[in-house]
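Written below as structure tokens is the structure these notes are about.
The values are calculated or read from the model by the stated rules, or taken from the named source; none is laboratory data. Note that this is a predicted model, so its numbers are computed, not measured. We place every Cβ from the backbone using ideal geometry, glycine too, and count neighbours over all the protein chains shown.
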Number of protein chains: 2
Amino acid sequence: MTDQHFDVVPVGSVESPLADLSQAPNQGDAGAPPAWLVFESRFADAVRDLHVGDRVIVVTWLHRARRDVLRTYPGDDPSGPVLGVFSLRAPDRPNPIGLHRVRILTVDGLRILVDALEVLNGTPILDVKPVLDPKAER
Amino acid sequence: MTDQHFDVVPVGSVESPLADLSQAPNQGDAGAPPAWLVFESRFADAVRDLHVGDRVIVVTWLHRARRDVLRTYPGDDPSGPVLGVFSLRAPDRPNPIGLHRVRILTVDGLRILVDALEVLNGTPILDVKPVLDPKAER
């Protein structure tokens with residue numbers, strides 16, 4: 001099992017004003033800007049039932065993250081306790097998958113604007129899923 | 001970008017009494033049984049701050065899913081409307097990543113029992129993340 005692995009394929013990418021890591025907040029509610037989800041045309045059939053107002057979870061591949069980090073500081077605060085990454089939302093982790101609960105503001109074909117996304121411009125998108133419990137924000 | 005892809009590596013796998021797809025409920029609150037998350041020893045440092053009572057999101061790779069499905073029926077109900085998979089939680093989708101909000105019941109080293117998990121025995125685990133808002137169930 002140690003050598004087992006799977007391929008993930010981007011279904012699109014994020015267009016965001018966040019150009020480098022120093023600008024990126026740790027979570028979407030910490031001042032992240034709206035961002036466009038730009039899907040590849042071959043996934044149009046998967047996208048087409050997304051509507052303005054929908055709350056969805058965007059699943060991203062945090063392509064700038066380190067994958068060899070198993071313990072780190074919460075929120076990049078070196079004065080905090082070091083914790084295992086499965087107890088943290090830090091991007092550095094064995095599989096740098098990001099989960100982002102957002103609301104859809106605009107739908108323009110393969111381009112979908114969401115209200116707040118804390119990832120860098122160019123981040124690959126792996127999946128979009130509906131939020132099951134509308135009361136649950138994240 | 002069309003040819004870009006990334007490797008995901010299992011950090012462990014699920015031990016569950018759910019042996020085949022006919023037994024698996026669609027969501028964890030639809031009668032899913034407790035299950036063990038069994039981590040590989042090389043990820044022990046990432047696991048070790050998980051505690052009984054923690055609410056976490058388990059990220060899985062739904063290895064039995066089809067990846068060429070872009071539209072399907074909600075909840076495997078053929079009488080329902082066909083929708084794009086980004087508006088559904090169906091396992092069949094371009095990147096069959098599962099998200100499962102669970103509570104930890106037991107911690108025994110690299111083996112962690114969670115309260116309800118709607119995946120088959122042997123499903124690979126990609127990541128574990130803490131729930132940010134404890135009021136949010138899923």
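Check B:ALA32, B:ALA19 and return the single one that is modelled with pLDDT under 95, touching a Pro at 6+ places or on another chain (Cβ under 9 Å), more than 12 Å from every other protein chain (Cβ to nearest Cβ) and in a loop (DSSP other than H, G, I, E, B). Don't jump to the end; show me each part of the working.
Values: B:ALA19 fails: touching a Pro at 6+ places or on another chain (Cβ under 9 Å).
Exactly one residue qualifies, and that residue is B:ALA32.
Might you let me know whether segment B:112-126 holds any residue that is assigned to a loop (DSSP other than H, G, I, E, B), of a type in the set (A, V, I, L, M, F, W, C) and either surrounded by fewer than 18 Cβ atoms within 10 Å (Cβ to Cβ) or touching a helix residue (DSSP H, G or I) at 6+ places or on another chain (Cβ under 6 Å) (or both)?
The answer is no, given that none of the residues of segment B:112-126 is assigned to a loop (DSSP other than H, G, I, E, B), of a type in the set (A, V, I, L, M, F, W, C) and either surrounded by fewer than 18 Cβ atoms within 10 Å (Cβ to Cβ) or touching a helix residue (DSSP H, G or I) at 6+ places or on another chain (Cβ under 6 Å) (or both).
Kindly indicate whether A:ALA90 is within 19 Å of B:VAL131 (Cβ to Cβ), among the small types (Gly, Ala, Ser) and part of a loop (DSSP other than H, G, I, E, B).
Yes, satisfied.
Answer yes if at least one residue in segment B:99-122 is of a type outside the set (Lys, Arg) and facing chain A (nearest Cβ under 7 Å), and no otherwise.
Of the residues in segment B:99-122, the ones of a type outside the set (Lys, Arg) are B:99-100, B:102, B:104-110, B:112-122.
From the residues that got through so far, the ones that are facing chain A (nearest Cβ under 7 Å) too are B:99.
Yes, segment B:99-122 has at least one match.
Can you name the residue in segment B:63-92 that is within 10 Å of chain A (Cβ to nearest Cβ) and within 30 Å of B:LEU110 (Cα to Cα) and is also surrounded by the fewest Cβ atoms within 10 Å (Cβ to Cβ) among such residues?
The selected residue is B:HIS63.
What is the residue count in segment B:93-111 for residues that are of a type outside the set (Ser, Thr, Tyr) and part of a strand (DSSP E or B)? Full working, then the answer.
To start, the set of residues in segment B:93-111 that are of a type outside the set (Ser, Thr, Tyr) comprises B:93-105, B:107-111.
Within this subset, residues satisfying the condition of being part of a strand (DSSP E or B) are B:97-105, B:107-108, B:111.
Looking only at that region, the number is 12.
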